[in-house]
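J.: Would you mind keeping the following structure in view while I ask a few things?
The values are calculated or read from the model by the stated rules, or taken from the named source; none is laboratory data. This one's a predicted model, so the numbers in the text were calculated from it and none came from an experiment. Please note: Cβ atoms are built from the backbone with ideal geometry, for glycine as well, and neighbour counts cover all protein chains shown.
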Amino acid sequence: MIALPTNTKQQVPKDQLQMIEKIEEAFGFVPNMMAKMLTSEPLTQAYLDLNSLFDQTGFSCEEKQIILLANSRINGCQYCLAAHRKMALMHKVDTNIIDQVSRRAKKLIIQSGRLWPNLRLKW
């Protein structure tokens, strides 16, 4: 796997400054993963577009973070799991739910109706 550089605002070409500003607007800061994606503008734009579409789903912030945590766990991405755990905490998701999803996402998906009866997610 190729290691991509982590770009800063000072390092990106001038034509990519607008992209880094979009990232800051979307997330409030430039996550390391996004700083690496700046190597490819189409990749960065695709991620921002997907994030924008996810924001339009009508899921609450808590529900979105649970979905992202579960996805990170199922995909086995420890970096993503750590990042989305931090975001879930920032969005005041119950730490018990975060811990359970982080450890047992596949099983919890099956049991979601019992675990979170008020959650609007249907699996």
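J.: Yes or no: the stretch 4-26 includes at least one residue that is at pLDDT 85 or above, polar (S, T, N, Q) and under 23 Å from A82 (Cβ atoms).
T.: no
J.: Given the criteria within 25 Å of A3 (Cβ to Cβ) and more than 13 Å from the chain's Cα centre (by Cα), does K22 qualify? Let's see the steps before the verdict.
T.: Details: within 25 Å of A3 (Cβ to Cβ): yes; more than 13 Å from the chain's Cα centre (by Cα): yes.
Considered against the rule, which asks whether it is within 25 Å of A3 (Cβ to Cβ) and more than 13 Å from the chain's Cα centre (by Cα), K22 comes out as yes.
J.: Taking A46, is it surrounded by 15 or more Cβ atoms within 10 Å (Cβ to Cβ) and hydrophobic (A, V, I, L, M, F, W, C)?
T.: Working: surrounded by 15 or more Cβ atoms within 10 Å (Cβ to Cβ): no; hydrophobic (A, V, I, L, M, F, W, C): yes.
So A46 fails the test.
J.: Out of the residues in the stretch 18-43 meeting the condition of being out of contact with any Leu (no Cβ under 7 Å at 6 or more places or on another chain) and either assigned by TED's automatic domain parsing to the domain that holds N71 or small (G, A, S) (or both), tell me which one is surrounded by the most Cβ atoms within 10 Å (Cβ to Cβ).
T.: A35
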